[in-house]
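Structure first, commentary second.
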Amino acid sequence: MKNWKLWISSLFLLVLLIVVFAGPSLPFVDNQLKQHGVIKTETGSFILPPIPPREGFPLGSNHKGVDVLSLIIMGAKETLTIVILVVVIRYVLAIPLAIGGFYSKLLEKILQGWQQLFSFMPPIFFVTFFVTLPLIFFSKERGLWVILVIAMLETGRVAEIILQNLKETKKRPYIEAGIVAGGTPLRLFKNYYMPVVIPHLIILIVNDIGRVLFLLAQLGVVHVYVTHTFITNQWGAYEVVNTSLAWPTMFEKITADIFSYQWIPFSVIGAIAVTIYTFNLFADGLQKFFENKYRTYRADL
Amino acid sequence: MILRNIFHQTLLWLITIILFLTLLFLPRTAAYETGAGGMYKSATSSYTVGDHVNQFKEFFQYIKENKGLGTVYNGVSLSENIWRTFQKSMLITIPALFLGFFLGIAKGVFDYRIRNRRGKLFGVNTTRFFLSIPDLFLIIALQLLIMEGFEAGLLPHIVVYGSDQPSVVILDIIFLAIYPLFYIANITFFSIRDEQGMDYIRTAFSKGTSSFKVLYRHVLKNCFVKILSHTNTITLYALSNLFIVEFLTNYRGAAYFFYETVTSPKAFMVGQDFSIAVYPAAGYVILFTAVIYLAKVLSEIARGLVSPLERKE
């Protein structure tokens, strides 16, 4: 039980996985997401949605009378799919770029340029800006575009971190030993660099999952969602509505909700906070695990 | 060395501005395809280099003709307006950054000193905890707490929502400072830990220097180089958070208006032009990147002042 962070976060992750895969069939979850109208209480009074937390609505309901807890559980899968997709795309681009940058000066320059460019502006701005381009706004694959944009924004940063790690490793004496022993570049890479870099990479990826989810939450607050559809209204205009169940979409009316229907934003941000905390804790636990395994832990003097 | 670095950064800044403006001026004409009765079916956008170049030309012509970015209302020029909102944003960002930076170092030192004593739970563990939960949660929780506290009669009436109230300014500074504070505290803690056991510390102790002096005069000075290399990260983060904080507290600063200029419409009509307010956006882009640029330059200068090694190199 020494590495309590790893144990607790693993437990949380397990719960999260259960929610994602078995959530819709749990007994207290309304997987039809039924919209409740007026509710009559035992005392005979009526409650209009949004219904505050009460029996049958552990976390209250939203403006349409849908149970918030069910919404959160049903939305977990979509939210995490988006996050994982972003992280996968980001690393599929970043890992070859970093390794390429380690061996080729040209790629290193490209990588640094990428990182520098996007370090001049907060990512939230870039996303807000890119998603309004008509090309992306009207695209049928808008979701994929947005995911790609979010992934690309920090590819440079991530690749830079991996590259730095490779460079730090290069300075260590055992690499020289490997060269003296006649290791080919491929062999050095496979047997000398990889074992050191992979644990770092795993921790980086887990941390990034938390970061992406946080960015999505921030974007949700400023009404930028990954997917949307258009519906006509009575004036012949087309309203942009989001039909997705992802968590950040529930921040839609946050500035108004926070005064009167606190349970809506608070439940959602709670769910997001717990998930991000789980991933960060998991990354911490993994770090400790690898430090113990490879004995890289620095003793406290 | 410092001068060369600053020159380097300036060059980079100019290049990024040009690149950002190029992105901003991407042509946004949409060709709509309609079905029966003018019903929306789909829309496509086309890109030609000529259109793109034209946008640039128009922009510079516009500046030339209007001697600036034009007016917003009754004689107030757009550039004045941008500058005013920007100052408003900086009123909360700059104090928050300094607060986060110095309190963060204090917290890091505290974490280090308390690490093997009673009460170490309040040390590095709290720092890690606050780093791990999103500050969006803390912001919303704090807002709710203040409001509930007032309802329960525990707190005086504090305005949490508004643009000109001093209480909102103070709250915004606190909200913005949360993450930089714990981020810097974490960095400080680990860089002090990396320094321990170095020869110069033993030398200082052997000469009879008090441990307080060793920590503040010798160790921290060496840590500053590492800590200062993170100023860019916290500035970027604070600016990112500025959008959220201004939005959540209804504070009408630059981030809020910037967001307004680039945001997508909530509804559209067939045939609607999709152009955004490019000119104010361009103004804000230049100012925001300038903040990051200044943060980079400041950290270069501070590093040069603190560490003789950095100066020579």
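Where helices (runs of 4 or more DSSP H) sit wholly within the range A:162-249, those with at least 1 residues that are small (Gly, Ala, Ser) and more than 20 Å from residue A:92 (Cβ to Cβ) occupy A:173-180, A:194-221.
In this structure, residue A:162 qualifies as crowded, with 22+ Cβ neighbours inside 10 Å, away from chain B (no Cβ under 11 Å) and either touching a residue at least 24 places away in the same chain (Cβ under 8 Å) or within 24 Å of residue A:230 (Cα to Cα) (or both).
All conditions in (1) within 14 Å of another protein chain (Cβ to nearest Cβ); (2) surrounded by fewer than 19 Cβ atoms within 10 Å (Cβ to Cβ); (3) within 26 Å of residue B:27 (Cα to Cα) hold for residue A:168, with the sole exception of (3).
Among the residues in the range A:126-133, are any at pLDDT below 85 and either touching a Gly at 6+ places or on another chain (Cβ under 7 Å) or farther than 30 Å from residue B:256 by Cβ (or both)? No.
Looking only at the range A:1-28, count every residue that is more than 24 Å from the chain's Cα centre (by Cα) and surrounded by 12 or more Cβ atoms within 10 Å (Cβ to Cβ) and tell me the total. Residues in the range A:1-28 being more than 24 Å from the chain's Cα centre (by Cα) and surrounded by 12 or more Cβ atoms within 10 Å (Cβ to Cβ): 2 in total.
Condition check for residue A:69 on (1) in contact (Cβ under 8 Å) with a residue 40 or more places away in the chain; (2) surrounded by fewer than 22 Cβ atoms within 10 Å (Cβ to Cβ); (3) within 22 Å of residue A:211 (Cα to Cα): one failure, at (3). Scanning the range B:195-237 for residues that are farther than 21 Å from residue B:104 by Cβ, outside any helix (DSSP H, G or I) and modelled with pLDDT of 80 or more returns B:207, B:208, B:209, B:210. Considering (1) part of a helix (DSSP H, G or I); (2) surrounded by fewer than 14 Cβ atoms within 10 Å (Cβ to Cβ); (3) modelled with pLDDT under 85, the lone condition that residue B:116 does not fulfil carries the number (1). Taking the conditions (1) within 25 Å of residue A:200 (Cβ to Cβ); (2) of a type in the set (D, E, K, R); (3) at pLDDT below 80 in turn, residue A:160 satisfies each one other than (3). Quick one: is residue A:274 surrounded by fewer than 21 Cβ atoms within 10 Å (Cβ to Cβ) and under 30 Å from residue A:156 (Cα atoms)? Spelling it out, residue A:274 is indeed surrounded by fewer than 21 Cβ atoms within 10 Å (Cβ to Cβ) and under 30 Å from residue A:156 (Cα atoms). Looking at this structure, is residue A:291 modelled with pLDDT of 75 or more, among the acidic types (Asp, Glu) and more than 15 Å from the chain's Cα centre (by Cα)? Considered against the rule, which asks whether it is modelled with pLDDT of 75 or more, among the acidic types (Asp, Glu) and more than 15 Å from the chain's Cα centre (by Cα), residue A:291 comes out as yes.
For (1) farther than 29 Å from residue B:24 by Cα; (2) away from chain B (no Cβ under 14 Å); (3) of a type in the set (A, V, I, L, M, F, W, C), each residue gets a yes or a no:
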site	(1), (2), (3)
A:78	yes, yes, no
A:87	no, yes, yes
A:108	no, yes, no
A:118	no, no, yes
A:131	no, no, yes
A:137	no, no, yes
A:147	no, yes, yes
A:172	yes, yes, no
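Considering the range A:250-270, the residues that are small (Gly, Ala, Ser) and either more than 10 Å from chain B (Cβ to nearest Cβ) or not in a helix (DSSP H, G or I) (or both) include one that is surrounded by the fewest Cβ atoms within 10 Å (Cβ to Cβ), namely A:260. Just give me the residues in the range B:124-134 being facing chain A (nearest Cβ under 9 Å), part of a helix (DSSP H, G or I) and touching a Phe, Trp or Tyr at 6+ places or on another chain (Cβ under 6 Å), in sequence order. Passing the criteria: B:131, B:132.
The values are calculated or read from the model by the stated rules, or taken from the named source; none is laboratory data. Model, not experiment: these values are computed from the prediction. Methodologically, a virtual Cβ is constructed for each residue, glycine included, from the backbone with ideal geometry; neighbour enumeration extends over all protein chains shown.
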